[in-house]
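Working notes for the structure below.
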Amino acid sequence: MLDENTGTLVIGKGIAFGTHISFDMAKRWTIGKESPEFVGTEGAQEQKITFRNVVVDDDYFILRLRFNNDKLLIIEIFISPVPFEFKENWADWSYEEEIKHLEHCKAWLQKEVGAKRNFDWGSIWCGYDSLGGFSSIKINYSRQ
């Protein structure tokens, strides 16, 4: 559920993202079925954290958090009804399956956020990236 006033997104018990989160705070979290990936250190201008296969209800998430000067700037969300598997090639990828994935993302976003996409604190985008070959949701806190 998204708080339209603050931009805080709660996706599960104890999992709440928003501008109140710092890089140092987020890197202490133990969410997901895999170890998080960190880019940057405390005090660095650019920092990123990726949590993989975070289970909430019946969905699996990849959550990429991007910080600028220790402030959360963007959350990129990937959602799947099955665990994410990381393969070394694109042999199993298909456009048709990716469009199904996009529809799953759109349905989750509609359920959790509603139709509104622009707010005083930032914006939300959901779509298919044809260059990357994937669908995702991006929450941008650039107006904070």
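Here, each number is a calculation from the coordinates, and none is a lab measurement. Since the structure is predicted, the reported quantities are computational estimates derived from the model, not experimental observations. With ideal geometry, Cβ positions are generated from the backbone for all residues, glycine too; neighbour counts draw on all protein chains shown.
Which longest uninterrupted range of the chain lacks any trypsin sites (Lys or Arg not before Pro) assigned by DSSP to a loop state (not H, G, I, E or B) and surrounded by at most 16 other Cβ atoms within 10 Å? Mind showing how you got there, number by number?
Values: sites that count: 13, 27, 28, 33, 87, 116, 117, 143.
Free of exposed loop sites, the longest segment is 34-86.
For residue 102, what charge total do you get from the other residues with a beta carbon under 12 Å from its beta carbon, if Lys and Arg give +1 and Asp and Glu give -1?
Details: positive: 100, 106; negative: 96, 97, 98, 103, 129.
That works out to -3.
So what is the relative contact order of the chain, in percent, for Cα pairs below 8 Å that sit 6 or more residues apart?
Values: 267 pairs, mean separation 28.0, N = 144.
Rounded, it is 19 percent for the chain.
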### Task
Identify, among 81, 104, 19, the residue whose Cα sits farthest towards the positive end of the charge dipole of segment 9-140, taking +1 on the Cβ of Lys and Arg and -1 on the Cβ of Asp and Glu, with the dipole about the Cα centre.
19
### Query
Which value in Å is the Kirkwood Rh of segment 27-82 over different Cα pairs?
11.7 Å
### Task
Under a cut-off of 29 Å between alpha-carbon atoms, report the lysines in cross-link reach of residue 33, not counting same-chain residues fewer than 8 places apart.
13, 48, 71, 87, 100, 106, 111, 138
### Message
Let me check the size of the chain from its C-alpha atoms; what are the radius of gyration and Dmax in Å?
### Response
14.9, 43
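Once you charge only the Cβ atoms, +1 for Lys and Arg and -1 for Asp and Glu, what is the size of the charge dipole of segment 14-112 about its Cα centre, to the nearest 20 debye?
Numbers: 12 positive and 18 negative charges, 78 e Å.
For segment 14-112, the charge dipole is close to 380 debye.
Would you calculate, for the chain, the mean residue ellipticity at 222 nm contributed by helices, counting each DSSP H stretch of 4 or more residues as -39,500 (n - 2.57) and dividing by all residues, to the nearest 500?
Working: 2 runs with 22 residues, N = 144.
Estimated from H runs of four or more residues: -4500 deg cm²/dmol.
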### Task
Would you mind computing, in nm to one decimal, how far apart the modelled labels at residue 20 and residue 8 are, each placed 7 Å from Cα along Cα→Cβ?
0.2 nm
